[in-house]
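Values quoted throughout were computed directly from the atomic coordinates according to the rules given, and no laboratory measurement underlies them. Because the structure is a prediction, the values reported are computed rather than measured. Please note: Cβ atoms are built from the backbone with ideal geometry, for glycine as well, and neighbour counts cover all protein chains shown.
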Amino acid sequence: MRKKMQSIRNKVLFFGLLMTIIPLALISVYYIQNMADYVGETGEEMQKMRLEHLATDIRSEIRQVMDQLDVLASLERPAEMKGPFYEVLSSQDAIDTLVVIDRDGVLLSQVARHTLNHADTGDTWPVQADSGVTPDAGEPVISDVLVNEYGQPYMQMIAETGTDGLRIGATVQLQKLIGNVSSYQLDDEAVIYLEDPSNQVIAHQDYSKLWQPSTEETAQGIEIRTEIDEVQWELVMEQPRREALSPVFDMMRRGGFTATVMILFGSVISVFAGLYFVKPIETLQQGMRRMKTGYWPEAMPVERQDEFGELTRAFNEMNETIQEKEQRLRQEKERLDIVVNSMDAGLAVVRKDYSIAWMNPKLEGWIGERREVPCFQLFHDQDDACYACPLRDEVTYDKMDEIMTRKDRSGAERIYRHRVFPLNYTLEQDEEALIVMEDITEEKQMEEKIIQTDKLSALGLMASSFAHEVNNPLASVQIYAEDLSDRLTEDEAELLESGDMAHYLQVIRKNIDRCKTITGNLLNFSRKENWEERDIRVRQVVEESLVLMNHSLNKQGVDVTVTEEEGLPAIRGDALKLSQVFVNFIQNAIDAMAGKTAPALSIRLYQEGQDLLVDVADNGSGIRPEDLDKLFDPFFTSKPTGKGTGLGLSVCYGIIKQMNGVLEVESEPGEGAVFRVRLPVPQKETNPEHGEV
């Protein structure tokens with residue numbers, strides 16, 4: 001079912017039906033909802049106006065009674081005047097009794113509609129309005145709704161006269177005052193009632209609900225309330241929502257039928273239009289399926305002149321182009337296979353789990369076809385990945401480049417350059433890197449010969465220095481030995497007792513040790529040996545290099561300064577090769593400072609980030625800008641003929657590169673030169689079996 005829904009035909013049909021049904025349905029719902037809101041708001045406003053009109057009538061009746069009491073209260077001797085009281089009774093049907101009482105409620109005068117109008121001395125009028133409602137200051141006090149002995153509701157109003165504490169009281173019949181509430185005509189199911197401040201119904205169109213608490217359920221209906229402020233009553237009207245919205249329901253039925261007809265009509269049109277547009281796409285899909293199976297279809301006929309016709313023409317062109325490119329790819333693959341298989345370098349593709357995905361025949365001939373073995377075991381015979389391998393998550397190097405030694409199948413030791421490059425675009429997700437291995441045994445042997453040649457050249461330059469350095473201590477040995485021999489023939493006992501013999505022997509031993517150190521350093525420097533990597537202290541290598549060049553420095557009067565930053569770590573490398581680099585720098589500095597009145601050589605050792613730096617600076621003649629780019633080229637020299645071979649700095653560059661370092665130079669003509677060696681400090685976690693670097 002899901003696969004059928006993913007077809008273009010079903011998607012187009014579904015989309016057409018969806019775009020037909022949803023807009024029409026949304027428009028219909030929006031229209032009906034707005035009409036319902038409008039009708040509801042209009043009906044509610046009309047009912048509110050009717051309710052407010054009825055409330056205004058009730059307020060008017062109450063206000064008239066209050067105004068009549070205010071008139072009676074303004075009389076000077078109300079207890080002696082009966083006429084105004086009778087006039088009020090005749091004009092206000094709601095008033096049943098009018099009385100004049102003192103502050104204690106003693107009845108002084110009474111005018112009643114249904115009883116005798118006289119008052120016995122000492123009679124009291126039951127005052128109920130003291131706990132009632134006082135609308136505003138200076139207006140009559142109104143009691144709560146009361147019921148007399150006949151079951152008729154009434155209330156009291158009392159107004160202050162301001163004369164000797166006399167008060168005017170009135171008994172008001174509610175039936176006369178609010179009877180129009182019960183008789184008010186509304187719609188069939190609408191009701192209207194009046195509540196006192198305690199939510200008790202005091203007027204209702206349904207007499208069975210009088211004097212009952214208000215419990216009308218209005219959650220499904222419309223409820224409108226308005227207050228009668230004079231007595232704090234609330235006039236309420238309720239109407240069922242279905243009655244208020246009956247016109248809306250009729251409109252919804254008619255609108256729903258119309259919308260259904262429109263949706264059906266639009267759906268039919270959408271289905272036919274969808275099938276018409278999908279047909280050429282299905283034809284192209286069939287052609288694509290044939291291409292997927294490896295069968296190249298013939299050109300499809302172009303039957304339409306619209307965008308689908310253009311799509312068919314584009315498909316035919318694409319089909320022809322793909323066939324041409326496939327043929328070219330076959331040719332390129334054939335050429336690439338020839339190139340890769342004939343290369344003198346070994347190639348391998350490594351997966352993320354370090355297994356070999358592919359290797360060329362050259363690499364198979366070197367190490368054998370063992371693709372199931374991880375690359376670090378295959379190349380290094382170790383149990384973990386190489387410390388600088390780009391496949392390791394914690395490594396941030398862009399590539400890996402190292403020198404390693406292995407024995408070939410005949411047992412001969414060979415030197416290989418081992419490089420690893422990350423792959424960014426691969427067909428398989430687990431193919432991560434390309435390994436390139438080159439047999440550089442002959443190249444390394446040639447480099448060693450060049451290095452040895454440079455050593456011999458340096459030894460030739462140091463020959464006179466060596467003779468002088470050895471001659472001085474030998475001359476001292478000779479002098480002390482002859483003097484000691486002469487004194488032994490004279491008085492051997494005195495020589496022993498004075499300690500002169502021990503002193504002479506100590507001086508002779510000291511000078512012999514100095515000769516031994518000088519010859520040892522020279523032999524060590526000239527010794528030919530393979531690359532040997534170990535932990536070395538750069539300061540010690542610098543001091544040994546200065547000892548070798550000591551005579552030349554003293555002869556030219558060079559002021560040598562060596563400064564070292566505290567706490568410098570050891571580095572990995574070959575001390576003898578590094579010493580050869582410093583000897584070359586010192587010799588070049590001596591040559592550059594020839595003729596200087598105050599030659600100075602400064603050597604500074606410091607750390608910068610993860611690198612240890614050595615700056616060898618002189619105040620010689622400097623280097624011309626045009627020579628800086630050629631400085632490390634083999635056989636390039638700016639010295640006169642016979643002064644140099646041009647191999648020194650080239651050899652230095654190769655040695656520093658073998659130690660994974662960088663050789664830099666800064667110079668201005670006439671301002672001297674600074675040769676800077678930048679060597680990497682080993683990480684705390686290193687792999688001890690990673691081959692030669």
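Taking label points 7 Å from Cα along the Cα-to-Cβ direction, K630 and R604 give a separation of 3.1 nm. Working ranking of peptides 13-23, 166-176 by packing, defined as the average number of other Cβ atoms within 10 Å per residue, highest first, is 166-176, 13-23.
Phi angles across region 156-168 convert, under the Karplus curve 6.51 cos²θ - 1.76 cosθ + 1.60 with θ = phi - 60°, into 3J(HN,Hα) values of 9, 10, 10, 10, 7, 8, x, 10, 6, x, 6, 9, 9 Hz, Gly and Pro given as x.
In this label model, V339 and R77 are separated by 13.8 nm, measuring between points 7 Å along each Cα→Cβ vector. Per-residue packing, averaged as other Cβ atoms within 10 Å, sorts the ranges 668-677, 258-267, 573-582 into the order 573-582, 668-677, 258-267, beginning with the highest. Taking amide H as placed 1.01 Å from N in the peptide plane, S109 has its amide H under 5 Å from the amide H of V100, each at least 5 places away in sequence or on another chain. Under 5 Å from the amide H of A433 lie the amide H atoms of V350, L423, each residue being 5 or more positions distant or on a separate chain, with H modelled from the backbone and absent for Pro and chain starts. When each of the peptides 344-355, 551-562 is scored by how many other beta carbons lie within 10 Å of its residues on average, the order from highest to lowest is 344-355, 551-562. Ordering G609, T597, P625 by Cα displacement along the dipole of region 591-634 toward the positive end leaves T597 in first place; charges were set at the Cβ atoms of Lys, Arg (+1) and Asp, Glu (-1).
If the segment from Q323 to E671 were pulled out straight at 0.36 nm per residue, it would be longer than the present Cα-Cα gap by 118.6 nm. Among the listed pairs K176/K209; K82/K209; K11/K352; K510/K555; K510/K657, those with a Cα-Cα distance over 29 Å are K82/K209; K11/K352; K510/K657.
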